[in-house]
Amino acid sequence: MTGGKLYDLRGVSKSFTKGKEKITIFNDLNMSISEGDFLAIMGPSGSGKTTLLNLLGGVDKPTGGEIWFDDSRVDNLSESQLAKWRANNIGFIFQFYNLMPMLNAERNVELPLLLTKLSAKERKKNVAAAMELVGLSDRAKHMTSEMSGGQQQRVAIARAIVSDPKLILCDEPTGDLDRKTADEILSMLQLLNREFGKTIVMVTHDPSAANYAKRVLHLDKGEFVEKDLVA
Amino acid sequence: MTSIFSQIITVVMMNIRSLPRRFWMSLAATLAIAVVVAVLLSFLSMSNGFRKTLEGAGTEDTAIITRSGSKSELNSVLSNDVVNIITTAPGIAKDANDRPIYSAELYVVVDGIKRTTNTKVNIPMRGISQTGFDLRKNVKITEGRMFEPGKNEIIAGASIQREFSGFELGNRVKFGKTTWTVVGIFSTGGSAFESELWADARVLQSQFRRGNSFQTVRVLLSEPGNIDGLLKAVEDDPRLMLDIQTEADFFKEQGEALGGMVKLGWILSIVMSLGALAGALNTMYISVTEREQEIATLRAIGFSNISAFFGTLVESLVLSLLGGIIGTVAAYLFMDGLTTSTLGGNFTQVAFTFEMSSDLLMNGIILALIIGLVGGFFPAWRAARLPVVLAFRGGA
């Protein structure tokens, strides 16, 4: 089930100049993402899917058009406003986990909560809940370097959901994992979508991964080809 | 505000904890800063010790009179007539018999063997009277006795005995054709006078063929620091071509002889600082490059660029502070209290002790922090401006 409109991209374009050459990634791109959606974005290398993810995550800005999130325009926010917006609304899951090697698992998960006004006690409670959800309660004090790839990605998922964001953006979340572990991670994302109503946008090369999504958008040369999937 | 503060603390702690990944490079940068600080403090403590040794020799109670333009005691010559005239000037304290209290003194150079280098150097020998002894308030005989007037006897300053060989109590030493017996050792509380040999002025005049002349006259002032009466006497009497200063001012001027050394110390330290600065910059740029994905990830999560900036800057300051502390501790351990001698204003050896002070140590720490601040600023600026999209690139 999907709800109201969460994201709305209106006539978005993105280009950059390399030397004297102007390279256009998107031109007049329109799309919307509803609350509770689980969207997989696929496409060949250079199709613009990571650029799209960057735009959705507010880590890059479009050169034209407008991006609306939850009825507020976000493409015109300043860097510091965007940082706050990301902290309040987005959870990121990266291909290579991007955990802080000098922190243990629970400290990694706690990072987004340091941007909130929660007390240390409340933070600890939320971290414990997130660690339990990803099945790593017993490894909370372990350094992430002592963990397997799958466990590290689960820590990254706990970090992404600990502050209860509306949207989770995943960049090739299973790209560095074996099939079995990848399926476990994708099942976990599916669970977050179905049971906790999290909106998930996932960029992937892997058609098996895309099967976990409610719908798939194929991106080619900056244009979409939508394909419905059985959820 | 609390959030920003906790972000900065978090990033700083993460950066500090990640230092073992860059252990050798960080250590090299820290040690480079330590060396710069140690060198600076060595120069400054040397200058500090030399200045204090000379300043400690002078008081405001006593004025020193030398020939005009002589600049040092060694270059001055005063005839007995001039001594007789100037000691009648107003402003000089009188004894119970209403006689001016003064000490006409000779100052000659003799050879001594420096213990540390076993080389022959100039050491000063002063001809004084009992009044000259009394004019110096901190002086006391620590071994043996005072020389007897009319005899070839000397008393040696404690520094002379420590730094130069052959001046033990009872030893006989030969200067030119004359032989002298060391009959006493005296202390003046560490001032420059301790680097002198003292003998009876009249005997010295005779043995060094100085006739009736002296080199300096020290007078006890009736009012400490007030030399106006003496200056007026010189001004009013064309026979008197004299310089008059309080002893405190005279030795302060002599102490400035090492001013050039202090400047050299600073210049050397600044030049070396540039090397340490390059090391700090390099270390911090590498630190930022190594952590750029971590920084970008934190930014993606919502951490501000201010936290990235201060996280890097504080890391640099911590390394430089550590270097500063190592440098000051090393300088303190190896330099503080080290005794040596050098050529003073009279072309004679002055023994002195390297002396650290809290101000000097603070100078070392401040220099280290300046290196850390400059060395960390530009890499921190880079960290703050790293594009957040870097979080999505490359492998861990």
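The values are calculated or read from the model by the stated rules, or taken from the named source; none is laboratory data. Keep in mind that what you see is a predicted model, and the values were worked out from it rather than measured. Methodologically, a virtual Cβ is constructed for each residue, glycine included, from the backbone with ideal geometry; neighbour enumeration extends over all protein chains shown. Only protein heavy atoms, including side chains, enter the accessible area calculation; ligands, DNA and RNA are left aside. Shrake-Rupley method; radii C 1.70, N 1.55, O 1.52, S 1.80 Å.
Please give the residues from the stretch A:40-63 for which the solvent-accessible area of heavy atoms, probe 1.4 Å, is smaller by at least 20 Å² with all protein chains in place than with the chain isolated.
Buried by 20 Å² or more upon assembly, which counts only protein chains, are A:ASN54, A:VAL59.
Using Cα pairs under 8 angstrom and six or more residues apart, how large is the relative contact order of chain A, in percent?
After rounding, I find 28 percent.
Per residue, how much accessible area does the stretch B:206-250 have with a 1.4 Å probe, in Å²?
The answer is 53 Å² per residue.
On C-alpha positions alone, give me the angle between the axis of helix A:79-89 and the longest principal axis of chain A, in degrees, nearest 10.
Its long axis makes an angle of about 60 degrees.
Want the number for B:ARG145 to B:ILE4: 0.36 nm per residue separation, take away the alpha-carbon distance, what's left?
43.4 nm
How many angstrom lie between the Cα centre of the stretch B:40-100 and the Cα centre of the stretch A:57-84?
Distance between centres, Cα-based: 80 Å.
If you take each beta carbon of peptide B:292-301 and count the beta carbons of other chains within 10 angstrom, what is the mean?
Per-residue shielding by partner chains comes out at 6.
Which value, in debye to the nearest 20, describes the size of the charge dipole of the stretch B:69-240 about its Cα centre when Lys and Arg Cβ atoms bear +1, Asp and Glu Cβ atoms bear -1, and nothing else is charged?
680 debye
How many Å² of accessible surface get buried when B and A come together, counting both sides, probe radius 1.4 Å, rounded to the nearest 100?
Roughly 2200 Å² of accessible surface disappears when B and A pair.
Restricting to bridges with both residues inside chain B, how much of the DSSP beta-bridge set is antiparallel, in percent to the nearest 5?
Around 80 percent of the beta bridges assigned by DSSP in chain B are antiparallel ones.
By per-residue mean of other Cβ atoms within 10 Å, what is the highest-first order of B:145-153, B:118-126, B:366-374?
The peptides rank, most packed first, as B:366-374, B:118-126, B:145-153.
What percent antiparallel are the DSSP beta bridges of chain A, to the nearest 5?
So the antiparallel bridges in chain A amount to around 60 percent.
Checking understanding here: applying a Kyte-Doolittle mean of at least 0.5 and a length along the axis of at least 18 Å (C-alpha), which whole DSSP H helices in chain B pass?
B:2-17, B:23-55, B:259-290, B:305-335, B:358-385
Rounded to the nearest 0.05, what FRET efficiency do A:LEU191 and A:PHE224 give with R0 = 22 Å and r taken as the Cβ-Cβ distance? Could you check?
Given R0 = 22 Å and the Cβ-Cβ separation, E is 0.20.
At q = 0.07, 0.10, 0.11 Å⁻¹, what is the log10 ratio I(q)/I(0) for the protein assembly as shown, with the Debye formula run over Cα points and no solvent?
For the protein assembly as shown at q = 0.07, 0.10, 0.11 Å⁻¹, log10 I(q)/I(0) is -0.62, -0.88, -1.00.
Calculated FRET efficiency, B:LEU169 and B:ASN226, Cβ-Cβ r, R0 56 Å, to nearest 0.05?
Efficiency for this residue pair is about 0.90.
Of A:LYS180/A:LYS214; A:LYS5/A:LYS166; A:LYS166/A:LYS214; B:LYS140/B:LYS252; A:LYS121/A:LYS141; A:LYS49/A:LYS221, which ones are farther than 19 Å apart at the Cα?
A:LYS180/A:LYS214; B:LYS140/B:LYS252
In whole percent, and with a 1.4 Å probe on the protein chains, what portion of the accessible area of chain A is carbon and sulfur?
47 percent
Out of all DSSP beta bridges with both ends in the stretch B:144-248, state the antiparallel percent to the nearest 5.
Looking only at bridges with both residues in the stretch B:144-248, the antiparallel portion is about 60 percent.
Just how large is the dipole of the protein assembly as shown about the Cα centre, in debye to the nearest 20, putting +1 at every Lys and Arg Cβ and -1 at every Asp and Glu Cβ?
960 debye
Rounded to the nearest Å, what's the spacing between the alpha carbon centres of the stretch B:102-172 and the stretch A:95-154? Just the number, please.
Cα centroid of the stretch B:102-172 versus Cα centroid of the stretch A:95-154: 77 Å apart.
Share of chain B's accessible area from carbon and sulfur, percent, 1.4 Å?
Using a 1.4 Å probe with all protein chains present, chain B comes out at 60 percent carbon and sulfur.
Using the basic label-point model (7 angstrom from Cα toward the beta carbon), what is the B:GLU290 to B:SER213 distance in nanometres?
Roughly 7.1 nm, to one decimal.
At a threshold of 8 angstrom on Cα-Cα distance, excluding pairs fewer than six apart, so keeping six or more, what relative contact order does chain B reach in percent?
So the answer I get is 30 percent.
Per-residue Cβ counts within 10 Å, from other chains only, averaged over B:8-16: what number is that?
Taking all residues of B:8-16 together, the mean is 2.
What FRET efficiency, computed as 1/(1 + (r/R0)^6) with R0 = 56 Å and r the Cβ-Cβ distance, is obtained for B:ILE366 and B:LYS177, rounded to the nearest 0.05?
0.50
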